1. Scanning for something of a type outside the set (Lys, Arg), surrounded by fewer than 10 Cβ atoms within 10 Å (Cβ to Cβ), assigned to a loop (DSSP other than H, G, I, E, B) and without any contact (Cβ under 8 Å) to a residue 12 or more places away in the chain, does region 9-21 turn up at least one residue?
2. Tell me, which residue of region 58-91 that is at pLDDT below 85 and of a type in the set (D, E, K, R) is farthest from the chain's Cα centre (by Cα)?
3. Answer yes or no as to whether Ala48 is surrounded by 10 or more Cβ atoms within 10 Å (Cβ to Cβ) and not in a loop (DSSP other than H, G, I, E, B).
4. I need the full set of residues from region 51-80 which are surrounded by fewer than 11 Cβ atoms within 10 Å (Cβ to Cβ) and among the acidic types (Asp, Glu), in order please.
5. Out of Leu68, Leu43, Leu31, report the one residue that is part of a helix (DSSP H, G or I) and without any contact (Cβ under 8 Å) to a residue 12 or more places away in the chain.
Amino acid sequence: MALALAFGFINVPFMVMFFLIYALFGATMSLTAFISRAQTRDLTLSAADVARAVLLSVFEITVLRFVLDVTRMRASLVRRGAPMHWETVTRKKL
């Protein structure tokens, strides 16, 4: 990636704009689910609740999803090297 960036193969302004659009779309989807849940339960929301929901949805989209993706990839690579070994299950009387 660094080599592609050095030779100008990556359009940085487009990638930043694409990431921002992705973050806004994901935050909108999360907020829609949050507000529909609040409306279904007839909850009253304060401005602090809405602000907290906005910040958490942006954090989820921009940081948490990438952390979870890296964790899943690492877990699948580590698991691939280990053989499948199942223990036997026996029933015991209580």
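1. Pass one, region 9-21, residues of a type outside the set (Lys, Arg): 9-21.
Pick out the ones that are also surrounded by fewer than 10 Cβ atoms within 10 Å (Cβ to Cβ) and you get 9, 12-14.
Retained after the next criterion (residues that are assigned to a loop (DSSP other than H, G, I, E, B)): 9.
Those still in the list that are without any contact (Cβ under 8 Å) to a residue 12 or more places away in the chain too: 9.
Scanning region 9-21 turns up at least one residue that is of a type outside the set (Lys, Arg), surrounded by fewer than 10 Cβ atoms within 10 Å (Cβ to Cβ), assigned to a loop (DSSP other than H, G, I, E, B) and without any contact (Cβ under 8 Å) to a residue 12 or more places away in the chain.
2. Only one residue fits best here, namely Arg91.
3. No: the conditions fail for Ala48.
4. Of everything in region 51-80, just one residue is surrounded by fewer than 11 Cβ atoms within 10 Å (Cβ to Cβ) and among the acidic types (Asp, Glu), namely Asp69.
5. Details: Leu43 fails: part of a helix (DSSP H, G or I); Leu31 fails: without any contact (Cβ under 8 Å) to a residue 12 or more places away in the chain.
Sole residue among the options that is part of a helix (DSSP H, G or I) and without any contact (Cβ under 8 Å) to a residue 12 or more places away in the chain: Leu68.
The values are calculated or read from the model by the stated rules, or taken from the named source; none is laboratory data. What you see is a predicted model; the values in this text were computed from it and never measured. When we count neighbours, we look across all protein chains shown, and the Cβ atoms used for this are built from the backbone with ideal geometry, even at glycine.
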